[in-house]
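Here is the structure we will look at, set down as structure tokens.
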Amino acid sequence: MGYVYVLQSERNGRYYIGSTNNLERRVEQHQAGLVKATKYILPLKLVFSQAFFILKEARSIEYRLKKFKSRKIIEQIIKDGTIKLGMGP
């Protein structure tokens, strides 16, 4: 099982997209400041997550989302509550 998740900084509103095989553990790592990419934008809140059967699929979707570099796409995913496969700008 794999997850794609979106965290939002309560300090400055920035988003962080990630993927993991253990969502609870990974969010705890972020909150504890153990993740280099997010330790300077704490505190964070989990604003979205979606489960996938295969971690490799979650990683692929994470990569595609990060490539878009679009706040609008991230906010639409949060609003819709799902990642539509075949998404695009």
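A simple rule links phi to the HN-Hα coupling: the Karplus curve 6.51 cos²θ - 1.76 cosθ + 1.60 with θ = phi - 60°, which for segment 25-39 gives 4, 5, 5, 4, 4, 4, 4, 7, x, 8, 10, 3, 5, 10, 5 Hz, with x for Gly and Pro. Computed over the chain, the per-residue total of -39500 (n - 2.57) for DSSP H runs of n ≥ 4 gives a 222 nm mean residue ellipticity of -11000 deg cm²/dmol, rounded to 500. Have a look at 4, 74, 22 and report the one farthest towards the positive end of the charge dipole of the chain, computed about the Cα centre with Cβ charges (Lys/Arg +1, Asp/Glu -1). Value computed over the given set: 74.
Per-peptide packing, taken as the mean over residues of other Cβ atoms within 10 Å, places 42-55, 14-27 in the sequence 14-27, 42-55 from highest down.
P(r) tail, the chain: Cα-Cα pairs separated by more than 15 Å, 56% of all pairs. Each peptide in 58-66, 71-79 gets a packing score, the mean of other Cβ atoms within 10 Å over its residues, and the list from highest to lowest is 58-66, 71-79.
Laboratory data are not the source of any read-out in this text; all were calculated from the coordinates shown. This one's a predicted model, so the numbers in the text were calculated from it and none came from an experiment. Reconstructed Cβ throughout: ideal geometry from the backbone, glycine too, with neighbour counts over all protein chains shown.
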